[in-house]
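See structure below.
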Amino acid sequence: MDMHTVVVGTSGTTAEDVVAVARHGARVELSSAALDALAASRLIVDALAAKPEPVYGVSTGFGALASRHISTELRAQLQRNIVRSHAAGMGPRVEREVVRALMFLRLKTVASGHTGVRPEVAQTMADVLNAGITPVVHEYGSLGCSGDLAPLSHCALTLMGEGDAEGPDGTVRPAGELLAAHGITPVELREKEGLALLNGTDGMLGMLVMALADLRNLYTSADITAALSLEALLGTDKVLAPELHAIRPHPGQGVSAANMLRVLAGSGLTGHHQDDAPRVQDAYSVRCAPQVNGAGRDTLDYASVVAGRELASSVDNPVVLPDGRVESNGNFHGAPVAYVLDFLAIVAADLGSICERRTDRLLDKNRSHGLPPFLADDAGVDSGLMIAQYTQAALVSEMKRLAVPASADSIPSSAMQEDHVSMGWSAARKLRTAVDNLARIVAVELYAATRAVEIRAAEGLVPAPASQAAVAALRAAGAEGPGPDRFLAPDLAAADTFVREGRLVAAVEPVTGPLA
């Protein structure tokens with residue numbers, strides 16, 4: 001199979017597949033096993049629909065209206081109506097990659113054979129993804145219980161040929177026009193299908209998966225910037241010794257310490273003190289970097305476990321069981337995902353905070369061990385990186401606000417039927433902002449630390465080979481080195497892109513070997 005094609009089977013999907021479809025436009029195909037499972041579960045739904053007894057989601061209303069039995073002639077209208085009425089989002093459009101992740105993950109659950117959706121509906125979902133058609137989904141509308149209802153409804157509306165969507169050329173047009181342009185026939189929903197397309201944690205899960213991918217890069221990048229700052233501050237690398245971390249065996253701590261030690265290998269700056277007096281210990285932001293970065297890494301690992309379980313799940317209500325039962329359940333509740341989304345926002349805020357403290361130390365002549373004030377070329381005439389640190393501090397302050405957990409909140413809805421909700425979508429949305437801010441914060445530390453290392457090198461001290469590689473790659477990316485004041489925003493933007501695209505890690509690994 002072509003490496004750019006993701007095959008959806010009956011047993012879930014992987015984080016790598018989510019990223020491939022959401023961000024890189026990988027094609028989607030349904031496996032033969034998935035098509036068989038879809039057909040088999042649909043036979044069960046059709047049999048139940050033919051019976052006089054009401055079955056939730058098949059021949060009844062939904063939520064607080066579940067007590068009403070719906071006659072056969074109104075059931076197709078019921079399925080259309082639930083999609084139309086639930087497509088009630090408001091606010092700015094959600095990013096294309098989030099919507100693609102949302103659609104792909106809903107297709108993953110549909111393909112499990114536990115939803116009762118017909119094979120042709122699932123195929124249409126795949127066709128829309130492959131055509132590059134992206135439904136217009138809005139920021140507000142999900143409480144993260146009964147899943148991400150409004151966002152998923154806007155996606156289902158596109159399958160029906162209604163509402164608005166963005167074409168592969170980036171133009172927003174009526175969904176019906178886009179489907180027709182790509183030879184896709186709108187679906188006509190039948191019993192249970194409207195409900196099955198709406199009832200999942202797919203939006204919050206997709207954002208979790210992408211945040212984890214981004215944070216893995218940022219944590220490795222932060223290990224590198226911490227090492228550069230330690231070097232520029234003439235700190236000691238003795239605190240990174242493996243035997244010290246072995247006696248407090250948190251896995252992430254050992255990984256971060258090992259990364260920093262590899263970056264610092266061969267440095268002529270570490271342990272070299274301005275006044276030749278031995279420094280007993282460095283400040284916490286330098287000495288405890290492996291402990292803080294490592295604790296965050298362990299949190300990422302736990303969040304990855306939760307994401308993996310959710311990726312293997314079939315989240316719907318009701319679900320079709322292999323023995324033919326169609327049972328109502330509460331698996332759509334977003335609490336497991338919401339909690340780790342909030343946890344990640346907390347550790348991202350703390351990582352940003354310790355990065356900023358090291359940056360401030362590099363700029364303060366009283367604590368930088370001989371570096372010029374604000375790393376300025378001619379302090380007083382030049383302000384150096386004074387306001388770059390202001391920008392970083394503003395980002396850190398916002399990170400702290402974003403760390404307030406959304407999942408600690410709940411607000412009742414649906415006439416008190418849905419009386420405890422997860423707010424997982426909100427947790428995911430604020431985590432995306434936090435991840436963006438963290439990349440900027442790490443970039444400012446990188447920019448300051450590389451300038452400081454270059455100043456030390458001009459004094460005759462030889463930086464580590466990995467540090468030299470980082471400096472050279474950053475300069476080649478458009479972020480200039482020491483010198484008189486200049487328009488700083490473009491340099492910081494170049495550093496930001498350099499970090500978030502993984503180019504910092506790529507620059508040092510030819511010297512250090514692969515970093516974790």
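The values are calculated or read from the model by the stated rules, or taken from the named source; none is laboratory data. Every value quoted in this text rests on a predicted model; they were computed, and no experiment measured them. Methodologically, a virtual Cβ is constructed for each residue, glycine included, from the backbone with ideal geometry; neighbour enumeration extends over all protein chains shown. With ligands, DNA and RNA removed, areas are computed over all heavy atoms of the protein, side chains included. Shrake-Rupley method; radii C 1.70, N 1.55, O 1.52, S 1.80 Å.
Among residues of the range 285-316 being assigned to a loop (DSSP other than H, G, I, E, B) and open to solvent by 10 Å² or more (accessible area, probe 1.4 Å), the one that is farthest from MET204 (Cα to Cα) is CYS288. The numbered conditions (1) in a loop (DSSP other than H, G, I, E, B); (2) among the aliphatic types (A, V, I, L, M); (3) at pLDDT 95 or above are all true for VAL58 except (3).
Listed by first and then second residue, the pairs linking a residue in the range 49-60 that is of a type in the set (Gly, Ala, Ser) to a residue that is open to solvent by 80 Å² or more (accessible area, probe 1.4 Å) and not in a loop (DSSP other than H, G, I, E, B), with Cβ atoms under 7 Å apart and 6 or more places separating them unless they lie on different chains, are SER59/HIS69. The single residue among LEU205, LEU189, LEU215, LEU228 that is crowded, with 24+ Cβ neighbours inside 10 Å, of a type outside the set (Lys, Arg) and closer than 19 Å to GLU454 by Cα turns out to be LEU228.
Criterion first (open to solvent by 40 Å² or more (accessible area, probe 1.4 Å) and either closer than 22 Å to ALA150 by Cα or modelled with pLDDT under 95 (or both)) does MET3 satisfy it? When the stated conditions are applied, MET3 passes them. Yes or no: the range 426-437 includes at least one residue that is open to solvent by 60 Å² or more (accessible area, probe 1.4 Å), more than 30 Å from LEU344 (Cβ to Cβ) and either out of contact with any helix residue (DSSP H, G or I) (no Cβ under 7 Å at 6 or more places or on another chain) or outside any loop (DSSP other than H, G, I, E, B) (or both). No, that holds for no residue. Each residue in the range 19-55 was checked for being part of a loop (DSSP other than H, G, I, E, B), among the polar types (S, T, N, Q) and open to solvent by 50 Å² or more (accessible area, probe 1.4 Å), and 0 pass. With respect to (1) open to solvent by less than 10 Å² (accessible area, probe 1.4 Å); (2) free of Cβ contacts under 8 Å to residues at least 60 places away in the same chain; (3) among the aromatic types (Phe, Trp, Tyr), the lone exception for PHE104 is condition (2).
Every condition in (1) in a helix (DSSP H, G or I); (2) open to solvent by 40 Å² or more (accessible area, probe 1.4 Å); (3) of a type in the set (A, V, I, L, M, F, W, C) holds for LEU143 except the one numbered (1).
So, in the range 439-474, of the ones that are of a type outside the set (A, V, I, L, M) and assigned to a loop (DSSP other than H, G, I, E, B), which residue ends up most open to solvent (accessible area, probe 1.4 Å)?
Within the range 439-474, the subset of a type outside the set (A, V, I, L, M) is 440, 445, 447, 450-451, 454, 456, 459-460, 463, 465, 467-468.
If we keep only those that are assigned to a loop (DSSP other than H, G, I, E, B) as well, we get 459-460, 463.
Working: GLU459: 105, GLY460: 58, PRO463: 13 Å².
Top of the filtered list is GLU459.
When you look at PRO405, is it surrounded by fewer than 21 Cβ atoms within 10 Å (Cβ to Cβ) and out of contact with any Pro (no Cβ under 6 Å at 6 or more places or on another chain), yes or no? For PRO405, the condition - surrounded by fewer than 21 Cβ atoms within 10 Å (Cβ to Cβ) and out of contact with any Pro (no Cβ under 6 Å at 6 or more places or on another chain) - is met.
Filter the range 160-186 down to the residues that are of a type in the set (Asp, Glu) and either within 14 Å of MET125 (Cα to Cα) or in a loop (DSSP other than H, G, I, E, B) (or both), then identify the one that is most open to solvent (accessible area, probe 1.4 Å). So that I can check it myself, show each step before the final result.
Filtering the range 160-186 for residues of a type in the set (Asp, Glu) gives 162, 164, 166, 169, 177.
Within this subset, residues satisfying the condition of being either within 14 Å of MET125 (Cα to Cα) or in a loop (DSSP other than H, G, I, E, B) (or both) are 162, 169.
Working: GLU162: 53, ASP169: 115 Å².
Here the answer is ASP169.
Can you find a residue in the range 481-503 that is modelled with pLDDT of 95 or more, assigned to a loop (DSSP other than H, G, I, E, B) and aliphatic (A, V, I, L, M)? Steps first, please.
Going residue by residue through the range 481-503, those that are modelled with pLDDT of 95 or more are 481-503.
Going one step further and asking which of them are assigned to a loop (DSSP other than H, G, I, E, B), we end up with 481-488, 501-502.
Keeping just the survivors that are aliphatic (A, V, I, L, M) gives 488.
Yes, that holds for at least one residue.
Is it true that SER153 is out of contact with any Lys or Arg (no Cβ under 6 Å at 6 or more places or on another chain) and open to solvent by less than 10 Å² (accessible area, probe 1.4 Å)? So SER153 fits the description; yes.
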